[in-house]
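Scroll down for the structure; my scribbles are underneath it.
The values are calculated or read from the model by the stated rules, or taken from the named source; none is laboratory data. A quick note: this is a predicted structure, and the numbers were derived from the prediction, not measured. Reconstructed Cβ throughout: ideal geometry from the backbone, glycine too, with neighbour counts over all protein chains shown.
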Amino acid sequence: MFGDLSGMMGKLKEAQQKIEETKIRLNTILIDGDAGNGMVKVTVTANRQVKNISISEDLIDKEEIEDYLILALNTALDKANSVSEAELAAAAKDGMPNIPGMDMFGK
């Protein structure tokens, strides 16, 4: 009825391994965000870890720096979230066994 159950279990383990490998690889994907026409720049990984913050010496107002920093971080983190979701979905889809009636990814 369900076909080769041990084969499906093997495929699920492969999918889990691909997802874990993708999570590790996402640490190497760097994404930039900026605000104030480049006055504040941030770099994050696709796993949403801040790697670098650069603030122009022309900025001296504390509130302006804080506002631009929030904008730049949110921009970079939004991009990182999109990359992460796409990469993890692709890894999961590639490794999933073909189970009739269980088309979770809309092939």
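Some points to look at:
- So I65, is it exposed (fewer than 14 other Cβ atoms within 10 Å of the Cβ), at pLDDT 90 or above and among the hydrophobic types (A, V, I, L, M, F, W, C): no
- Enumeration of residues in segment 1-46 that are part of a helix (DSSP H, G or I), aliphatic (A, V, I, L, M) and within 30 Å of L69 (Cβ to Cβ): I24, L26
- Of all residues in segment 74-93 being at pLDDT 95 or above and among the charged types (D, E, K, R), the one that is surrounded by the most Cβ atoms within 10 Å (Cβ to Cβ): K79
- In segment 2-28, the residues that are on the phi < 0 side of the Ramachandran plot and either modelled with pLDDT under 75 or hydroxyl-bearing (S, T, Y) (or both): F2, D4, L5, S6, G7, M8, T22, T28
- So E64, is it in a helix (DSSP H, G or I) and out of contact with any strand residue (DSSP E or B) (no Cβ under 7 Å at 6 or more places or on another chain): yes
- Some residue of segment 47-56 being modelled with pLDDT under 90, of a type outside the set (F, W, Y), over 23 Å from L26 (Cα atoms) and assigned to a loop (DSSP other than H, G, I, E, B): no
- When segment 15-34 is limited to residues that are acidic (D, E) and in contact with a Lys or Arg (Cβ under 9 Å, 6 or more places away or on another chain), the one that is surrounded by the most Cβ atoms within 10 Å (Cβ to Cβ) turns out to be D34.
- When N37 is tested against the conditions (1) over 13 Å from the mean Cα position of the chain (by Cα); (2) surrounded by 14 or more Cβ atoms within 10 Å (Cβ to Cβ), the lone failure is (2).
- Filtering M96, M102 for residues that are out of contact with any Leu (no Cβ under 6 Å at 6 or more places or on another chain), surrounded by fewer than 16 Cβ atoms within 10 Å (Cβ to Cβ) and at pLDDT below 95 leaves a single hit, M102.
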